[in-house]
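Let me begin by presenting the structure, written as structure tokens, before commenting on it.
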Amino acid sequence: MSNYEDWLQDQPAPKKEQPALVVAPIHGVLPYAGALNPLNRSDTAKRVSTALATPMTGGIRQVYHFDGDSEYAVTLDALRSPELYGLEVQLAPVYYYCRRQKGVYPHHFDLRLTFRDGYRRAVFVRNATSLARRETQDEIDDIFAAVTEDFADDCMVVCTDDYTRAYRDNLRRIWDYLQVSDDDADALVEEAARNTSYWYLSDLIANCDMEPWRCYQAAMRLIGQNVLWTDMHGVIDYPSRVALNA
């Protein structure tokens, strides 16, 4: 019997860089349409791949890949808006002149949001440490200056540090509940929110003559639709403070 050292030497050396993962075709789901595939292996970044439906896709789910958990959270935050029509990720490059490097370079925007009125917004996502650097600010100015009207109507910067872990977890749960239709529960909880006294989410649910689990899900949907307010940076649960959104 060979010892462990002999066996270990027979194993091929791991590749330093492996190709990005490719999601196979999924029946009934539109394929990924981004210009870049961010699903390369990483020991630090948390890649996300999911299927989402928007009015732009005709209500059919489409595969989307995200470079990290923060980009996915920004997307879920945007999807809460009833005015959002479509979503695109890992866009084709915008070529910009970098004043610091004195050359032309490509930039792939993380997201592009299309609204129901046709307005399109390109989104630049970065963490606070990077955004605080002068070179990053100059880079953003150069990139935004190169964006033409046929690409987007405007551009915005989103700081990933604004999306705390609790905020991201809440967004994921809210998005899941928004996929569940329960108009009766939504109407009942909203009526109670407007016409009864309460402080905590548990108080509001107690004011509703319906199964508590249905009322909880309805409250999460109303929070997602900005009908109800709560602290999104704390885990939303029965002891959470809730109120009508001003």
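The values are calculated or read from the model by the stated rules, or taken from the named source; none is laboratory data. Keep in mind the model is a prediction, meaning the values are calculated, not measured. We place every Cβ from the backbone using ideal geometry, glycine too, and count neighbours over all the protein chains shown.
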> Within the group Ala192, Ala219, which residue is crowded, with 21+ Cβ neighbours inside 10 Å and farther than 22 Å from Trp175 by Cα?
Replying inline: Ala192
> Can you tell me which residues in segment 175-232 are within 21 Å of Arg80 (Cβ to Cβ) and aromatic (Phe, Trp, Tyr)?
Replying inline: Trp175, Tyr177, Tyr216, Trp229
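Residue-wise test of (1) of a type in the set (A, V, I, L, M, F, W, C); (2) at positive phi; (3) under 23 Å from the mean Cα position of the chain (by Cα).
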position: Val89; (1), (2), (3): yes, no, yes
position: Tyr97; (1), (2), (3): no, no, no
position: Lys102; (1), (2), (3): no, yes, no
position: Glu135; (1), (2), (3): no, no, no
position: Asp150; (1), (2), (3): no, no, no
position: Cys155; (1), (2), (3): yes, no, yes
>> Restricting to segment 44-82, and then to whatever is among the charged types (D, E, K, R) and modelled with pLDDT of 95 or more, can you tell me which residue is farthest from Met156 (Cα to Cα)?
In response: Arg61
>> assigned to a loop (DSSP other than H, G, I, E, B) and surrounded by 13 or more Cβ atoms within 10 Å (Cβ to Cβ): which single residue out of Leu113, Leu39 fits that description?
In response: Leu39
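Matching residues to (1) assigned by TED's automatic domain parsing to the domain that holds Met220; (2) part of a strand (DSSP E or B); (3) closer than 26 Å to Arg165 by Cα; (4) not aliphatic (A, V, I, L, M):
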site: Ala33; (1), (2), (3), (4): no, no, no, no
site: Met56; (1), (2), (3), (4): no, no, no, no
site: Glu71; (1), (2), (3), (4): no, no, yes, yes
site: Tyr85; (1), (2), (3), (4): no, yes, no, yes
>> I need the full set of residues from segment 53-83 which are of a type in the set (A, V, I, L, M) and either out of contact with any helix residue (DSSP H, G or I) (no Cβ under 9 Å at 6 or more places or on another chain) or surrounded by fewer than 16 Cβ atoms within 10 Å (Cβ to Cβ) (or both), in order please.
In response: Ala53, Met56, Ile60, Val63, Ala78
>> Just to be sure I understand the filter: pairs with C-beta atoms under 9 Å, separated by 6 or more residues or on different chains, first member in segment 10-26 and modelled with pLDDT under 70, second member part of a loop (DSSP other than H, G, I, E, B) and surrounded by fewer than 10 Cβ atoms within 10 Å (Cβ to Cβ). Which pairs pass?
In response: Asp10/Ser2
